[in-house]
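The values are calculated or read from the model by the stated rules, or taken from the named source; none is laboratory data. Nothing here was measured: the structure is a model prediction, and the numbers come from that model. Please note: Cβ atoms are built from the backbone with ideal geometry, for glycine as well, and neighbour counts cover all protein chains shown. Just the protein is used for accessible areas: all its heavy atoms, side chains included, with ligands, DNA and RNA removed. Shrake-Rupley method; radii C 1.70, N 1.55, O 1.52, S 1.80 Å.
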Amino acid sequence: MFKYAFKRVVRSYRLFIALTIGVLLATTFFASTNVAADILSRDALEASVENILYDFNIESEKSNWTITEIDELENELIMLDAISRATRSTTIAFEYSNSDVNMTLAGIEMSSALGQGIQVVSGNLSLGPDEIYVVQGSENESLFSLGQVVEINVTVSRGFLPPYIITRNLTIAGYIALPERNRDVLIPSTASQLLALIQGLGGGARGFTIETRYNLLIADWYQVFESILEEAETVEDHSRILLDNYLYLQIERVQYLDPYDIDASVSRIEALRNVVSSRTTAYGASVSSPLIIPLRIYQFTQLFMSLQFLTLSLPIFLLAYFTGTMVSDVGYNFRRREIGLLLTKGYERGTIRKMFLVEGALIGGIAGAISIFLGTAAAYLILGVANFNMFDAILNNATSVILAVILGMFLGLLSVWRPAGRASKLEILDALKQYIYVEETSEYKRLLPTVALILGTYKLIVWSLGIDMNALLGSISLGNLFVSIVILAWVGVDSILNTIGPLLFLYGATKVFIRGSQKFQEAVMSIGRRFFGALGKLATRNVKRHPARNATLVFIVALIVSYGVFASGSLFSQYDFSERTARFDVGADVRLELNAGANVTQIIETVNSYSGITGATVQYNLDLEAGTSTIDARGIRPSEWRDIAFWESEWFI
């Protein structure tokens, strides 16, 4: 059976090439979208972890670490093959000058990655002994000035003895701008993790931001905290130093992060964390990795992107199905006599059915294998990825390869399923007839196009009138349970029709008006005779003889045209929405947020003096309270604001 099926594919290569092209179209589109989703999700993974400066945090809270122990632990960890870099940090939280203002002083190695990216806004370019920087953006940075002395006290516990206090007078040497990812290392924020979650689920396109509040001072670890730890070490019977000591580790992420297998990546990170933890247990420290949560969030992002691309591929699958079914029906009719001969030779009907299915699976597998190369090349070329190796890209994404072959075999089987069933039921006498096109006679198959047309027409009408069916949810009440259930069910159906409504309309219209309407067919024949003469007469007779096949052809053409319009329109619509949303969130091309009491006039004059700035205006954001309601208000200068800020004419009456 398999040998005969293979011979049939080779001998009738023209017919099978037509079927292969239909399947190849869908599998290539699927492979390209799947590979594109993987490429984009890989970029999303890199974006989600690029703001994580260190891969492991080792914390010893209120510990009794000495400088020798810190050096020993750091050297022991850096000897691990997986660890590429390590740095230390010490922080202390204190109350500034009995003012109920809580500050955090962090000592870092200025030559480490934590010190990179620091920009000195004003003051000394480097720190000397007992000198500190004020981080710009701190809530209470206005309390400090250059040259001011800040006193901090470090408590050293001595069991039942009175604590020993280490005092340092630190001088404000300047103001610095600290990159956000550096600041998140020193002051971890749950808000930043929440923002990563929102961006991972698609919220980033809306310009969503979360404001993080902090009061942070920066010191050179060797200029301030080294002497504090040395003094604490000399305290007799000391048991604990009220400082938080940290070691931060970086790894070679390429060896541990695989965008195509996040579970394995997380497992590798957790295994390395256990190895590091085994080294730090003796020092009383805990180990955590800020990579794990973003990796878990990335899994949802990757799934969401794959579902989006899969939804985009659905019309192509329908196109391949209808094309493949039509070609298979033609092939079945051409092979009627062959089927009759096989039956007279004693072939079982089940064997003939399996023969058709094997042919379909073989053709689908070949199309799927070819689509791997075409789809991968298309994805990389469309996304503009330069200098890629085709074979490496395929071998590194085995999942897409397997899915493309499976999809091709599935579409091939689906295309020949009905012809295979007809071939297995064909009578020997009927097989003597060279060509008979079999129309569907089942009642439900005749009713299906009508139902599809009604549902598709309903959705188009709802869209045209701008009706939001979700508004019906507001009318749900427990007083009438039956009506509430009907409303919920219909809102669910309506949400599904948002995706497949146009397809149902096209399918129903082509089936009903071409196959089911005799008058419509007669009108087509009349027009054909009038404008195209004998050729039109021949064509219209063909329409009348084989209405189902022609309905499929019309549906395929309509699907291609409508899908092109839909895809292009959706792309431009989404681009317009993203641009308008970004402009609305920002308010103009650039927005400056000023602290209370800032000299607005001077700032506007300074901004206008910059090259490339064509205009600047001020906008005041106010919250007006009226009873229990709060009104979001804006204060503007209309003569300037209309020419500079972003607004739309529909906003105003």
* Rounded to the nearest 10 Å², the accessible area of Met390 at probe 1.4 Å -> 50 Å²
* Out of residues 5 or more away from Arg158 or on other chains, whose amide H comes under 5 Å of its own, with H placed 1.01 Å from N in the peptide plane? -> Tyr164, Ser239
* Taking the highest mean first, how do the peptides 140-147, 365-372, 408-415 order by number of other beta carbon atoms within 10 angstrom per residue? -> 408-415, 365-372, 140-147
* Each residue of segment 411-422 in turn: what ³J(HN,Hα) in whole Hz from Karplus with 6.51, -1.76, 1.60 and θ = phi - 60°, glycine and Pro shown as x? -> 5, x, 5, 5, 5, 9, 4, 5, x, 5, x, 5
* Structure fact -> Highest mean packing first, using Cβ neighbours within 10 angstrom, the peptides 624-630, 343-349 sort as 343-349, 624-630
* To do: Run the accessible area of segment 77-155 with a 1.4 Å probe and give the carbon-and-sulfur part as a rounded percent.
  => 42 percent
* Asked: What does the charge add up to near Ser84, with Lys and Arg as +1, Asp and Glu as -1, over the other residues with Cβ less than 14 Å from its Cβ?
  -> -2
* Structure fact -> The set of residues whose placed amide H lies less than 5 Å from the amide H of Leu170, leaving out same-chain residues fewer than 5 positions away, is Val150, Glu151, Ile152
* Asked: What order, most packed first, do the peptides 601-607, 253-259 have when packing is the mean number of other Cβ atoms within 10 Å of each residue?
  -> 253-259, 601-607
* **FRET E, pair Gln119, Thr614, Förster distance 30 Å, beta-carbon r, rounded to 0.05** => 0.65
* Once phi is turned into ³J(HN,Hα) by the Karplus curve 6.51 cos²θ - 1.76 cosθ + 1.60 with θ = phi - 60°, what whole-Hz value does each residue of segment 35-48 show in order, with x for glycine and proline? -> 5, 4, 4, 5, 5, 5, 5, 5, 5, 5, 5, 4, 5, 6
* Structure fact -> Per the rule of 0.36 nm per residue minus the C-alpha distance, extending Val493 to Asn153 adds in nm 115.7 nm
* Structure fact -> With 0.36 nm assigned to each residue of separation and the Cα-Cα distance removed, Tyr347 to Ile402 gains 16.4 nm
* Asked: Given the Cα-Cα distance of Val275 and Met79 and 0.36 nm per residue of separation, how much length would full extension add, in nm?
  -> 69.3 nm
* Asked: Each label point is 7 Å from the Cα along the Cα-to-Cβ direction; what then is the distance between the points at Arg591 and Asp258, in nm?
  -> 4.3 nm
* Structure fact -> From the Cα centre of segment 226-293 to that of segment 15-79, the distance in Å is 20 Å
* Asked: Leu178's amide H: which non-local residues (gap 5+, or another chain) put their own amide H closer than 5 Å, with H modeled 1.01 Å from N in plane and none for Pro or chain starts?
  -> Gln136
* **Calculated from backbone phi, Karplus (6.51, -1.76, 1.60) coupling profile of segment 278-290 in Hz, x at Gly/Pro** => 5, 7, 8, 4, 5, 9, x, 10, 10, 10, 9, 10, x
* Structure fact -> The rounded separation in angstrom of the Cα centers of segment 606-648 and segment 105-176 is 38 Å
* May I ask you to give the solvent-accessible area per residue for segment 43-183, in square angstrom, as obtained with a 1.4 angstrom probe? => 48 Å²
* To do: Would you mind computing, in nm to one decimal, how far apart the modelled labels at Arg583 and Ala369 are, each placed 7 Å from Cα along Cα→Cβ?
  => 5.3 nm
